[in-house]
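Below: the structure, in structure tokens.
The values are calculated or read from the model by the stated rules, or taken from the named source; none is laboratory data. Keep in mind the model is a prediction, meaning the values are calculated, not measured. For neighbour counting, all protein chains shown are included, and Cβ atoms are generated from backbone atoms with ideal geometry for every residue, glycine included.
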Amino acid sequence: MSAVLNKLVHQQDIDTHHRALRFLTAGSVDDGKSTLIGRLLYDSRAILADQLDTLEKRAAGQPIDLSLLTDGLEAEREQGIRIDVAYRYFATKSRKFIIADAPGHEQYTRNMVTAAAGSDAAVVLVDITKLDCSVGAVQLLPQTRRHSLLAHLLRVPSIVFAVNKLDAVAEPGPAFAAVSKALHAFAAQAGIEVTAIVPVSALRGDNVTQPPGDDWAAWYPGPSLLQVLESLPGVQERVEGQLLLPVQYVAREPGEQSEGAGNQPRTLWGRIAHGQVQAGDEIQILPSGQTAIVTGLRRAGATVEHCVAGESAGLLLDRQLDVSRGDWIVTPGSARLTQSFDATLAWLDTEPAVAGRKYWLRHGNRWVQARIAAIEHRMDIHSLQAQAAIQLNVNEIGRVRIETQSALPVEPYAENRIAGSLIVVDPATNRTSGALLVSQGH
Amino acid sequence: MNAPIHSKNLLPTFDQRHLDHLEEEAIFILREVAAAFERPALLFSSGKDSCVVLRLAEKAFKTRIAADGSGNEFKGRLPFPLLHVDTGHNFPEVIAFRDQLVQANGERLIVAHMDESIKNGTVRLAHPLESRNGHQTVTLLEAIEQHRFDVLIGGARRDEEKARAKERIFSHRDSFGQWQPKEQRPELWTLFNTRIRPGEHMRAFPISNWTELDVWLYLARENIPLPSLYYSHQRAVIRRKGLLVPLTAVTPPEAGETVSTATVRFRTVGDMTCTCPVESLAASATDIVAETLTVTVSERGATRMDDRTSEASMERRKKEGYF
């Protein structure tokens with residue numbers, strides 16, 4: 001068991017464990033990803049009789065192909081490809097899971113970016129039958145490097161390698177040891193923290209949801225992939241320190257119309273990005289800079305004492321301020337506003353990203369006009385080497401400098417997902433064209 | 001029939017804390033709808049999923065009050081009306097439930113009648129007893145146009161059916177109400193792209209990430225009332241091709257078929273011509289949780305005659321603007 005995983009397993013009381021764990025699965029076409037997902041669904045009984053019927057019919061007497069369970073759209077089945085991220089659900093006694101399944105080839109980066117945004121973990125599939133384990137230093141496949149570098153670049157908190165198809169190698173023990181060594185070496189070089197490396201046979205079901213059989217015990221005592229997933233922490237933004245809350249919705253208080261339309265008390269609703277709030281706190285509204293005292297707090301139809309990061313809070317203030325959706329509520333003096341920041345840009349649109357062009361950005365609940373002031377470089381996703389670039393094409397990732405029309409309280413994505421993430425929307429088509437992860441405000 | 005139910009001790013042992021997070025997410029999405037759109041409506045069929053969404057909307061926009069026996073638990077009003085597409089083939093219990101509910105909670109209900117579409121000639125039935133399920137799209141799109149709705153809140157879940165596994169939380173519809181698989185926008189974090197052009201609209205699905213089990217756990221935990229046919233009752237049925245077809249005016253027995261009485265409950269409420277019950281003794285949401293944990297047939301498979309025709313039938317209907 002890796003040191004990281006060991007630490008996690010011994011923190012079972014982490015408060016995020018009752019939240020659904022959302023993880024993405026990354027693998028290439030023949031890595032057995034669909035079979036692995038099928039296996040997780042099948043063994044956790046997330047598959048139902050009529051779905052099995054369909055599979056049995058299609059199998060026509062052959063063993064059931066579990067990979068067909070994750071088939072999505074008719075159009076894809078006809079073409080034998082997958083075109084988008086699909087979400088799958090299963091639950092064990094202790095936890096609910098959401099799989100964001102990113103298809104493996106066409107539009108790969110686009111799909112993986114979508115799956116990675118908001119995921120707690122990534123499971124990267126490694127097909128051991130494609131590796132030469134007889135040599136001293138096993139050479140990993142380019143897709144393994146690419147998938148893990150992408151997950152790392154997109155700051156997915158936990159990265160788990162599932163080394164698959166161990167049923168198909170003659171000496172699974174030494175082969176797994178050799179691949180583990182290569183994965184650790186690669187991760188160390190790339191600065192990736194490895195949460196766990198787990199041997200599995202998705203086809204036979206070895207060590208996926210069930211502990212490995214006796215024949216594996218000598219070289220792998222556990223845990224199973226499912227045990228690893230059950231132990232992973234969910235993302236929790238920090239609760240301590242200063243408050244940051246993007247105003248989502250301004251509601252008039254129900255049932256108090258007597259005070260006249262212009263003078264009704266209002267509740268300011270928003271999900272807390274970091275920190276906490278309670279009645280009596282002084283807060284500041286951005287960008288106006290006005291301050292007020294919180295007189296009451298609501299949450300989901302009820303009055304509460306205090307709310308923390310991740311919760312949607314409704315604030316009542318001691319005075320009427322001009323507040324609207326898109327504003328931010330902060331601890332007075334704590335936020336720094338900027339109109340310029342550096343970010344990682346993952347481009348998702350077939351229309352390339354062009355420096356100088358105006359786009360819509362969404363940050364928190366605010367839409368602002370912005371332009372890509374400069375494309376510093378493009379990242380080679382096989383090596384993470386920087387290359388000079390004047391535009392970013394679909395599926396490319398680069399480092400950019402953004403200038404916005406109005407000032408925003410951005411924070412590095414590494415410190416806060418909400419203050420550090422933005423989407424880019426093409427004003428001509430309304431398409432979601434890119435994802436921005438803030439590295440540094442200016 | 002499913003295994004006998006010993007549910008009394010089940011709920012306390014089942015970890016339900018994930019429901020708090022699902023609720024949080026759904027409420028966040030509902031407030032997003034109210035804040036980002038001009039003219040939303042909540043699709044309300046009286047089905048269990050729409051009853052859950054309605055309760056979530058009440059929590060998002062209203063304030064809980066002490067129960068006064070009226071059946072209303074909240075003060076305030078939703079910032080949007082409820083919209084029911086009435087096929088004219090609804091079970092009477094469902095319509096009665098709907099009317100009693102809006103009477104109690106004071107919400108505005110808009111009913112779009114398919115009979116109107118039939119009268120106006122925009123819906124043409126192949127024969128009088130044809131399933132009206134597929135025709136709902138026409139009546140729905142007419143209601144969208146008439147009331148200029150720019151977003152409809154629906155209770156669809158991604159676990160319901162394979163074509164829905166890729167559905168967005170905010171799903172874009174073009175000016176013909178069509179869903180184009182390749183035009184759906186990537187959804188990143190919770191930074192929803194709610195920008196649309198005039199004439200286009202969106203569908204918003206706050207319980208996308210819920211499973212059928214989550215829905216039943218929530219119904220049980222929150223004590224949300226449902227139409228009576230969701231729970232075990234005696235009903236005259238016709239056994240046909242492995243399904244129990246309820247005996248109604250629009251689903252008479254065919255030649256050679258016999259009518260028998262069975263102890264059943266419905267797992268979905270829809271058009272009487274295509275919604276079948278399953279045999280069950282489950283008399284409460286808690287009982288159904290127990291049953292759902294052991295159940296072997298997925299929701300749409302056991303109860304929807306029209307979904308059996310083809311694996312891809314949902315995808316086709318969705319492209320046509322079905323919800």
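Scanning the stretch A:386-396 for residues that are away from chain B (no Cβ under 14 Å) and part of a loop (DSSP other than H, G, I, E, B), which turns out surrounded by the most Cβ atoms within 10 Å (Cβ to Cβ)?
Out of the qualifying residues, it is A:Glu396.
Which one of the conditions (1) in contact with a Phe, Trp or Tyr (Cβ under 7 Å, 6 or more places away or on another chain); (2) in a loop (DSSP other than H, G, I, E, B) does A:Gly314 fail to meet, given that it meets all the rest?
All conditions pass for A:Gly314, except number (2).
Given the criteria under 18 Å from A:Val194 (Cα atoms), touching a helix residue (DSSP H, G or I) at 6+ places or on another chain (Cβ under 9 Å) and in a helix (DSSP H, G or I), does A:Leu150 qualify?
The answer is yes for A:Leu150.
Table: residues versus (1) away from every other protein chain (no Cβ under 14 Å); (2) surrounded by 16 or more Cβ atoms within 10 Å (Cβ to Cβ).
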{"position": "A:Val400", "(1), (2)": "yes, yes"}
{"position": "A:Val410", "(1), (2)": "no, yes"}
{"position": "A:Pro427", "(1), (2)": "no, no"}
{"position": "A:Thr432", "(1), (2)": "no, yes"}
{"position": "A:Ala435", "(1), (2)": "no, yes"}
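Regarding the stretch A:252-262, can at least one residue be identified that is touching a Leu at 6+ places or on another chain (Cβ under 8 Å) and either part of a helix (DSSP H, G or I) or not polar (S, T, N, Q) (or both)?
Checked the stretch A:252-262: at least one residue is touching a Leu at 6+ places or on another chain (Cβ under 8 Å) and either part of a helix (DSSP H, G or I) or not polar (S, T, N, Q) (or both).
Where the second residue is among the aliphatic types (A, V, I, L, M) and part of a helix (DSSP H, G or I) and the first is farther than 26 Å from B:Ala35 by Cβ and within 14 Å of another protein chain (Cβ to nearest Cβ) and lies in the stretch B:139-167, which pairs have Cβ atoms under 7 Å and are six or more apart or on separate chains?
B:Glu161/B:Met314; B:Ala163/B:Met314
Return yes when A:Val208 is assigned to a loop (DSSP other than H, G, I, E, B) and more than 14 Å from every other protein chain (Cβ to nearest Cβ) and no when it is not.
Taking the combined requirement at face value, the residue satisfies it.
Being within 14 Å of the chain's Cα centre (by Cα) and in a loop (DSSP other than H, G, I, E, B) is the filter here; which residues of the stretch B:191-224 pass it?
B:Phe205, B:Pro206, B:Ile207, B:Ser208, B:Trp210, B:Thr211
Just checking, does the stretch B:259-269 include any residue being within 30 Å of B:Ile29 (Cα to Cα), part of a loop (DSSP other than H, G, I, E, B) and more than 13 Å from chain A (Cβ to nearest Cβ)?
Yes: one or more hits.
Only one of these conditions is not met by A:Gln339: (1) within 14 Å of chain B (Cβ to nearest Cβ); (2) more than 26 Å from A:Arg146 (Cβ to Cβ). Which number is it?
(1) is the only condition that A:Gln339 fails.
Within the bounds of the stretch B:224-233, is there any residue that is modelled with pLDDT of 90 or more, under 30 Å from B:Leu152 (Cα atoms) and within 14 Å of chain A (Cβ to nearest Cβ)?
Within the stretch B:224-233, one or more residues are modelled with pLDDT of 90 or more, under 30 Å from B:Leu152 (Cα atoms) and within 14 Å of chain A (Cβ to nearest Cβ).
Could you tell me how many of the residues in the stretch A:344-388 are among the small types (Gly, Ala, Ser), under 16 Å from A:Thr404 (Cβ atoms) and at pLDDT below 95?
Residues flagged as among the small types (Gly, Ala, Ser), under 16 Å from A:Thr404 (Cβ atoms) and at pLDDT below 95 within the stretch A:344-388 amount to 2.
Just to be sure before I move on: is A:His17 of a type outside the set (Lys, Arg), surrounded by fewer than 22 Cβ atoms within 10 Å (Cβ to Cβ), at pLDDT below 80 and in a helix (DSSP H, G or I) in the structure I sent?
yes
Looking at the stretch A:189-206, can you tell me whether even one residue there is β-branched (Val, Ile, Thr), under 30 Å from B:Ala57 (Cβ atoms) and touching a helix residue (DSSP H, G or I) at 6+ places or on another chain (Cβ under 9 Å)?
Checked the stretch A:189-206: no residue is β-branched (Val, Ile, Thr), under 30 Å from B:Ala57 (Cβ atoms) and touching a helix residue (DSSP H, G or I) at 6+ places or on another chain (Cβ under 9 Å).
All but one of (1) surrounded by fewer than 24 Cβ atoms within 10 Å (Cβ to Cβ); (2) touching a residue at least 12 places away in the same chain (Cβ under 8 Å) hold for A:Ser134; which doesn't?
Every condition holds for A:Ser134 apart from (2).
Which of the residues belonging to the stretch B:188-207 are at the interface with chain A (Cβ under 10 Å from one of its Cβ atoms) and closer than 17 Å to A:Pro427 by Cα?
Answer for the stretch B:188-207, where residues must be at the interface with chain A (Cβ under 10 Å from one of its Cβ atoms) and closer than 17 Å to A:Pro427 by Cα: B:Leu191, B:Phe192, B:Asn193, B:Thr194, B:Arg195, B:Ile196, B:Arg197, B:Glu200.
Can you say whether A:Gly364 is of a type in the set (Gly, Ala, Ser) and in contact with a His (Cβ under 9 Å, 6 or more places away or on another chain), as far as the supplied structure shows?
no
Okay, residues lined up against (1) basic (Lys, Arg); (2) more than 14 Å from every other protein chain (Cβ to nearest Cβ); (3) surrounded by 15 or more Cβ atoms within 10 Å (Cβ to Cβ):
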position	(1), (2), (3)
A:Ala343	no, no, yes
A:Gly356	no, yes, no
A:Glu403	no, yes, yes
A:Ile418	no, no, yes
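Quick one: A:Arg399 ticks every box in (1) among the basic types (Lys, Arg); (2) in a strand (DSSP E or B); (3) touching a residue at least 60 places away in the same chain (Cβ under 8 Å) bar one, so which box is it?
With (1) among the basic types (Lys, Arg); (2) in a strand (DSSP E or B); (3) touching a residue at least 60 places away in the same chain (Cβ under 8 Å) applied to A:Arg399, the lone miss is (3).
Could you check how many residues of the stretch B:251-296 are surrounded by fewer than 16 Cβ atoms within 10 Å (Cβ to Cβ), modelled with pLDDT of 85 or more and more than 12 Å from B:Ser232 (Cβ to Cβ)?
10
Show the residue pairs meeting these rules: Cβ distance below 7 Å; 6+ apart or different chains; first residue within the stretch A:171-200 and touching a residue at least 12 places away in the same chain (Cβ under 8 Å) and farther than 15 Å from A:Val135 by Cα; second residue in a helix (DSSP H, G or I) and basic (Lys, Arg).
A:Phe186/A:Arg145
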